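The structure under discussion is supplied below as structure tokens; questions concerning it will follow.
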Amino acid sequence: MWHLAAMPRCGTSAAVLRPGGDHALPRGKAQTAAGVRARAHMEAPATPSRDDGTANGVGRRPRHAAGPHPAPPRPQTSWDALLIRRTMAEIAPLADKVTSYFYALLFVRHPELRPLFPPAMDTQRDRLLRALLTAAEHIDNTPVLLDYLRNLGRGHRKYGTRPEHYPAVGACLIGALSTYATHTWNPQAEAAWGRVYATISQVMTEAAEADGRDAPPWWHAEVVTHDLRTPDVAVITLRPDQPYPFLAGQYASVETPWWPRVWRHYSFASAPRADGLLTFHVRAVPAGWVSNALVHRACPGDVVRLGPPVGSMNVDHATDSGLLCLGGGTGIAPIKAMVEEVAEHGARRPVEVFYGARHDHDLYDIDTLLRLRQAHSWISVRSVIDREDRHLHDAVRASGPWRDYDAYLSGPPGMIRSGVSALQALGVPAPRIRHDPVEDLVISGS
């Protein structure tokens with residue numbers, strides 16, 4: 001729980017706070033997703049004053065892959081949302097202290113929960129704040145929030161968490177917030193956090209329970225091949241112990257036997273295969289526990305664990321729009337998977353691939369892409385050696401126009417951010433620019 005940018009969840013009976021109470025979380029009536037929608041559209045009873053501490057943009061919203069159509073207008077901000085955002089605005093500058101205090105409370109009061117968390121908590125603290133910021137930002141955007149929370153609920157199953165853990169988590173969260181949000185915390189704020197916590201918990205629990213009827217909490221997967229393409233990049237093929245359904249463009253969390261409870265995200269590097277094998281591209285980064293283990297230690301016969309597939313950077317096969325694909329470094333993995341999937345569908349859609357790298361040897365998978373181009377005349381592949389992402393964007397600008405294309409970006413966070421800006425400047429509508437959440441990418445290589 002509280003892993004992978006996660007919000008907490010509780011059991012079937014949602015935890016509810018008493019306004020002005022002592023931070024206890026008595027169990028109340030279970031709330032459903034319908035309750036989420038009803039409360040998310042509540043109108044604010046009053047307009048807050050200018051000194052209410054509310055901030056638009058408490059933190060950068062994780063940029064999820066955009067769909068093919070423009071997003072609907074956001075509903076009116078609810079009163080609970082305003083109260084939640086006030087708290088988040090106040091604690092954001094104190095993020096490290098708040099999260100450290102939260103985990104200290106949790107592990108002192110409930111030491112039995114410590115084994116559920118990774119040995120090192122530095123990254124975990126960042127994920128907690130990011131989860132809160134994400135939920136606060138989307139609290140009145142019901143479809144986005146529900147999708148986000150359901151994915152978290154499904155992903156949390158691999159940690160072995162149980163419903164009875166979450167009231168304890170909620171109580172410690174409220175304890176940490178009330179300690180540091182000294183200016184904005186009051187009975188109304190506490191009640192708002194209780195209502196939102198209960199709703200979030202219920203949505204995640206329902207998703208986990210539904211997922212448990214059809215899928216395991218994790219998959220064991222044997223390393224079949226390990227191809228060291230460069231001194232720090234390996235192409236690894238795995239054989240899961242049972243069917244593993246996914247879509248090209250998605251990614252999964254991976255845990256190695258050498259670092260239990262430490263999970264990192266990696267994109268699938270091929271479309272789903274008839275033989276059920278899965279391929280990942282992994283770059284070892286300095287001090288990266290999982291990446292170094294996979295690149296420099298893993299061998300055929302080793303067994304890792306996989307979490308469920310996530311991500312919405314998928315190809316829309318209901319349209320014949322062209323695909324503009326920008327892949328940097330190991331970010332070429334999901335790009336290649338999506339190109340393979342388009343080819344397998346038999347559609348002759350124009351596909352333009354720009355493969356960016358810092359050095360020639362970083363174009364470790366260029367031969368695979370060139371073979372795809374040879375087999376399909378509608379695929380174009382351009383390699384760009386680019387030390388600062390400038391040449392890659394220049395090459396894209398010189399090869400347009402791209403207004404009628406669906407754009408897909410995968411690579412380092414800086415490349416994605418600058419790439420989005422460059423594409424929007426070229427007239428590509430924002431809803432047609434798709435990529436994985438940048439915040440997940442920051443962690444995925446470690």
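The values are calculated or read from the model by the stated rules, or taken from the named source; none is laboratory data. Because the structure is a prediction, the values reported are computed rather than measured. Cβ placement follows ideal geometry from the backbone for every residue including glycine, while neighbour counts extend to all protein chains displayed. Remember, those area values only see protein heavy atoms, side chains included, never the ligands or the DNA or RNA. Shrake-Rupley method; radii C 1.70, N 1.55, O 1.52, S 1.80 Å.
With charges set only on the Cβ (+1 for Lys and Arg, -1 for Asp and Glu), what does the dipole of the stretch 172-320 come to about its Cα centre, in debye to the nearest 20?
400 debye
Please work out whether the stretch 195-341 counts as rounded, prolate or oblate from its C-alpha gyration tensor, where a ≥ b ≥ c are the square roots of the eigenvalues and a/c under 1.5 means rounded, while otherwise a/b larger than b/c means prolate and anything else oblate?
It comes out oblate by the Cα gyration axes.
Assuming R0 = 60 Å, what is the FRET efficiency of residue 374 and residue 164, from their Cβ-Cβ distance, to the nearest 0.05?
The value I calculate is 0.55.
Still on this structure, I have one more. Quick one: Karplus J couplings for the stretch 292-307, per residue in order, coefficients 6.51, -1.76, 1.60, θ = phi - 60°, nearest Hz, x for Gly and Pro?
Running phi through 6.51 cos²θ - 1.76 cosθ + 1.60 with θ = phi - 60° gives 5, 5, 5, 7, 9, 10, 5, 9, x, x, 5, 10, 10, 10, 10, x Hz.
Hey, another quick one. Which residues does a label at residue 320 reach in the stretch 331-362, if reach means a backbone N under 17 Å from a point 7 Å past the Cα toward the Cβ?
From the stretch 331-362, the list is 342-352.
Same structure, new question: Which cross-chain or sequence-distant (5 or more) residues have an amide H under 5 Å from the amide H of residue 383, H modelled 1.01 Å from N in plane?
HN-HN under 5 Å from residue 383: 355.
Could you order 378, 193, 79 by accessible surface area, starting with the largest, using a probe radius of 1.4 Å?
Order by accessible area, largest first: 79, 378, 193.
Amide H to amide H, which residues 5 or more places from residue 408 or on other chains are under 5 Å from it, using H placed in the peptide plane?
324, 325, 326, 434
With the full set of protein chains in place, find how many percent of the accessible area of the stretch 188-316 is carbon and sulfur; take the probe as 1.4 Å.
56 percent
For the stretch 148-272, just run the numbers: alpha carbon Rg, then divide by 2.2 N^0.38 Å, N being how many residues it has.
Working it through for the stretch 148-272, the quotient is 1.41.
What does the charge count near residue 315 come to, summing +1 for each Lys or Arg and -1 for each Asp or Glu among other residues with Cβ under 15 Å from its Cβ?
Net local charge, residue 315 excluded: -3.
At 7 Å along Cα-to-Cβ for each site, give me the label-to-label distance between residue 213 and residue 361 in nm.
Simple spin-label model gives 5.3 nm for this pair.
Label-point separation (nm) for residue 239 and residue 116, each offset 7 Å from Cα along Cα-to-Cβ?
Once both label points are built, they end up 3.5 nm from each other.
Express the carbon and sulfur contribution to the solvent-accessible surface of the stretch 323-429 as a percent, rounded to the nearest whole number, probe 1.4 angstrom.
47 percent
Now a separate question. Could you give me the ³J(HN,Hα) list for the stretch 224-239, computed from phi with Karplus coefficients 6.51, -1.76, 1.60 and θ = phi - 60°, whole Hz, x at Gly and Pro?
For the stretch 224-239, the Karplus-derived couplings read 9, 9, 9, 10, 7, 7, 9, x, 10, 10, 10, 9, 10, 10, 10, 10 Hz, x marking Gly and Pro.
Using all alpha carbons of the stretch 279-349, what is the percent of pairwise distances in each 5 Å bin, ordered from the shortest bin to the longest?
3, 12, 19, 19, 17, 13, 8, 7, 3
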